[in-house]
Amino acid sequence: MSYATNSSGTCSGKRPQTKTAKQPSKRSPSANEIAKNKAYFETWCHHQNLEQTSYKDIPEDLKADIEQVFNVSQKIPLGWVTKKSKQYKLLKKIATPDFLTFVRQAHKENEELFYEEENDDEAFGPLFMDISMVYSCWEALAKKRKSKENWSEADYGANVYTPVRRAGLKESTKRNQCRVCLPQHLVLEKMGSESRRILGARMVIPDCAVFVPEHLVAKLSDSEDSAFKKLKRHESAHNTGEPTRQSSFPYQCTPCFEFASSFSEDKKPSHQILEDAYRQNRMSTASAVRHLHSLHVNAPVFGLVWSDNHVRAHVDWWKITNDEQLIVYSAPYMEEEARKEKEWELHKPSDLLEVFLILRNIDRFTTGPFVEKVEKGMHINLGGSP
């Protein structure tokens, strides 16, 4: 039997109308899910004004610091591989033969890592300890490759990624699996429900985040006349978010003014490409870049992507265009001569040492030039001269 409907859409027959259950709204995807779905990520990038660009497009005022971070030339004493040198004789007494082989292999693969030292005995001990830790990671990888055993992401993290990061990041504050709030979208054009759902993602959890140590920026927030307290009292800060939703100024900036300079993202060995990890890492770096922009801090943020035996790097920064649009740029680190994205293979001693040295450079940048840029940005925020 068929039932006609009246103009209101209700049934005109005698059968009672059945109420249709309201379909629950779809939840917002996580940062990990956005990274794995190219369409989701493109939507997120569009509304966040994220653009990928070339490494050669790095602004001149950021170029020196970025080049310094990726400069790994002449960082290890040549005496370590010169058998008649004082350094080599000392190294032979305290290091294993396999360690010496590791260093010689690195020199064979990339001689530019080494420099001719003069009375550099003071640096011998700390550098030896750090590279010994790096060597233990290489040794673990070599055993894994020889046995062909399967490693999980946690295995790589525990045996390779984390120890290398521990050796390189000594002075800065390193945090594993910390929560990072994602920024509000910039493009305010009318959007559909699916775009709103994707942009509803609230946080990303990078595998490693590098922050300025609190004591280096304490003066910006500890006293009553500090930059943080002045900005907190500013009229414009009262209209940014709600304390009950943890979105007010103190929640966005944190009471100790935390500034992140670098993020690392690890992915499972089953990933044949690093694209998913790169996308998720860009969400972390974009959040840090937006935070820096909000406080007039003009500084780069570095990203490292780790997967199985491979590492890639990118650098992100913000720029205001001629039409006053805020753009967050991301440039993969390129091999200048090969003109292609650089990919380090960790089973190669020279590549593993390069990654360690880059981490050490990030550590020094974070506690040096980065802090200076943060302080300069605070002066601009408070109406002072740059």
- Answer with yes or no whether Arg290 is modelled with pLDDT under 95, touching a strand residue (DSSP E or B) at 6+ places or on another chain (Cβ under 9 Å) and either crowded, with 24+ Cβ neighbours inside 10 Å or in a helix (DSSP H, G or I) (or both). yes
- Note on the structure: Cβ pairs under 9 Å, 6+ apart or interchain, first in segment 317-331 and of a type in the set (Phe, Trp, Tyr), second part of a strand (DSSP E or B) and open to solvent by 80 Å² or more (accessible area, probe 1.4 Å), ordered by first then second residue, are Tyr329/Glu51; Tyr329/Gln52; Tyr329/Lys319
- Item | Subset of segment 179-215 [in a helix (DSSP H, G or I), closer than 21 Å to Ala39 by Cα and among the acidic types (Asp, Glu)] | Glu194
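So, Ala64, is that one modelled with pLDDT of 95 or more, among the hydrophobic types (A, V, I, L, M, F, W, C), under 20 Å from the mean Cα position of the chain (by Cα) and not in a loop (DSSP other than H, G, I, E, B) or not?
The answer is yes for Ala64.
With the structure loaded, tell me whether Asn322 is assigned to a loop (DSSP other than H, G, I, E, B) and within 19 Å of the chain's Cα centre (by Cα) or whether it fails that test.
no
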- Message: Can you tell me which condition Thr321 does not meet? The list is (1) surrounded by 20 or more Cβ atoms within 10 Å (Cβ to Cβ); (2) more than 19 Å from Cys181 (Cα to Cα), and all the others hold.
- Response: (1)
- Note on the structure: If we keep only residues of segment 146-178 that are at pLDDT below 90 and of a type in the set (D, E, K, R), then the residue farthest from Ser307 (Cα to Cα) is Lys146
- Task: Restrict the check to segment 365-382 and report whether at least one residue is in contact with a Gly (Cβ under 8 Å, 6 or more places away or on another chain), buried (at least 21 other Cβ atoms within 10 Å of the Cβ) and more than 26 Å from Ile76 (Cβ to Cβ).
- Result: no
- Looking at Glu171, is it open to solvent by 60 Å² or more (accessible area, probe 1.4 Å) and in a helix (DSSP H, G or I)? no
- Task: Would you check if Arg145 is open to solvent by 20 Å² or more (accessible area, probe 1.4 Å), outside any loop (DSSP other than H, G, I, E, B), touching a residue at least 24 places away in the same chain (Cβ under 8 Å) and under 29 Å from Ala31 (Cα atoms)?
- Result: no
- Please tell me if Asp351 is closer than 22 Å to Tyr55 by Cβ, surrounded by 22 or more Cβ atoms within 10 Å (Cβ to Cβ) and of a type outside the set (Phe, Trp, Tyr). no
- Task: Just need a number here: residues in segment 293-307 that are touching a strand residue (DSSP E or B) at 6+ places or on another chain (Cβ under 7 Å) and open to solvent by less than 10 Å² (accessible area, probe 1.4 Å).
- Result: 8
- If you scan segment 65-85, which residues turn out to be open to solvent by 70 Å² or more (accessible area, probe 1.4 Å) and either in contact (Cβ under 8 Å) with a residue 12 or more places away in the chain or within 30 Å of Arg312 (Cα to Cα) (or both)? Glu67, Gln68, Gln74
- Scan of segment 109-159 for residues that are among the aliphatic types (A, V, I, L, M) and more than 19 Å from Lys268 (Cβ to Cβ), ordered by number: Leu113, Ala123, Leu127, Met129, Ile131, Met133, Val134, Ala142
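Within segment 174-199, can you find the residues that are touching a residue at least 60 places away in the same chain (Cβ under 8 Å), open to solvent by 30 Å² or more (accessible area, probe 1.4 Å) and in contact with a strand residue (DSSP E or B) (Cβ under 8 Å, 6 or more places away or on another chain)?
Cys181, Leu186
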- Task: Return the total of residues in segment 328-380 being at pLDDT below 95, assigned to a loop (DSSP other than H, G, I, E, B) and among the small types (Gly, Ala, Ser).
- Result: 1
- Reported set for segment 298-319 where residues are modelled with pLDDT of 95 or more and not in a strand (DSSP E or B) is Asn298, Ala299, Pro300
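The values are calculated or read from the model by the stated rules, or taken from the named source; none is laboratory data. These numbers come from a predicted model, not from an experiment. Ideal geometry is used to build each Cβ from the backbone, glycine not excepted, and the neighbour counts take in all protein chains shown. Please note that ligands, DNA and RNA were not included when accessible areas were found on the heavy atoms of the full protein model with its side chains. Shrake-Rupley method; radii C 1.70, N 1.55, O 1.52, S 1.80 Å.
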